[in-house]
1. Output the qualifying pairs, or none if there are none: Cβ atoms under 8 angstrom, residues six or more apart or on different chains, first residue in segment 34-60 and surrounded by fewer than 10 Cβ atoms within 10 Å (Cβ to Cβ), second residue at pLDDT 90 or above and of a type in the set (Gly, Ala, Ser).
2. Check off (1) in contact (Cβ under 8 Å) with a residue 40 or more places away in the chain; (2) of a type in the set (Ser, Thr, Tyr); (3) surrounded by 14 or more Cβ atoms within 10 Å (Cβ to Cβ) for THR81 and give me the number that stays unchecked.
3. Would you point out which residue out of ASP141, ASP156 is more than 19 Å from ARG64 (Cβ to Cβ), out of contact with any helix residue (DSSP H, G or I) (no Cβ under 6 Å at 6 or more places or on another chain) and either touching a residue at least 40 places away in the same chain (Cβ under 8 Å) or surrounded by 14 or more Cβ atoms within 10 Å (Cβ to Cβ) (or both)?
4. For segment 182-200, name all the residues that are part of a loop (DSSP other than H, G, I, E, B) and either buried (at least 17 other Cβ atoms within 10 Å of the Cβ) or among the polar types (S, T, N, Q) (or both).
5. (1) out of contact with any Leu (no Cβ under 7 Å at 6 or more places or on another chain); (2) within 27 Å of GLU62 (Cβ to Cβ); (3) of a type outside the set (Phe, Trp, Tyr): which one isn't true of HIS111, the others all being true?
Amino acid sequence: MGKVIIVRVAIFDFDGTLYRKETFKLLMSHLKNHPIYNTKYGQFFRWVAPRFAAYKMKIYPEARMKERSMQKYISVLDELTKKELEDFFAKVTIEMHEDFNQEVLAKLEEHIADGVHVMLVSGAYTIFLEAVVSGLPFSFDTLIGSEIPFNEQMIDRSKSIYHINGTRKNEAIHQALVGQEIDWENSFAYADSYSDLPVLELVGNPIAVQPDPKLKHTAQQRKWQIIGDSPPLH
């Protein structure tokens, strides 16, 4: 019988953690200013504005608002092929690397050097995340994002996006690691939002990065490490 290999993992959130800003605002700006697809921005904005206002008034659930906004964003681009959509996202990523959190990047590189299994787990579109990390000098062992459904090379309008958020992140993490023996107590997780508490609680070394007020309070109570005290840039 072969020797069982026990794996440590380091799980990184993207928005507000590895990347200091919010990708969805960047994607909205990219659509608004795109030389070809800018005509589709008005349709998207008219749909999202009242829902965002309702979310701010706490009468529209955050998770539902995010999932449906991501669905609507893709729906206004559903005439694009997969390759065209990849090119659309690739152009957004050009300006992003300067806004990566350098302290978190250093931790990531440290974990890679130590042989830790590094994971990027985000609610952002998977093909968008793939475009972003392709410009980095290293790669993630596992990348998990929200999948855009395709039928061959076109967006499948009959299927909805399953937004990876909250406990869905935990489900995706466990599924990705099936068959491996994980040393959770000596593993790491980095996140900025209280909604990522289930992920942070998976590991023995949770790190709050530029935490929102609720996560900051929890991290202070539990004596977790905190990186940065300011909220994500806008």
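The values are calculated or read from the model by the stated rules, or taken from the named source; none is laboratory data. Not measured: the values here are computed from a predicted model. Here the Cβ is made from the backbone with ideal geometry for all residues, glycine too, and neighbour counts use every protein chain on show.
1. Within 8 Å, no pair qualifies.
2. (3)
3. The conditions single out ASP141.
4. Selection gives SER187, ASP192, SER193.
5. (2)
The rows are residues; the columns are (1) farther than 24 Å from GLY166 by Cβ; (2) at pLDDT 95 or above; (3) not aromatic (Phe, Trp, Tyr).
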| residue | (1), (2), (3) |
| --- | --- |
| LEU85 | yes, no, yes |
| ALA90 | yes, no, yes |
| GLU95 | yes, no, yes |
| ALA113 | yes, yes, yes |
| LEU120 | no, yes, yes |
| ILE127 | no, no, yes |
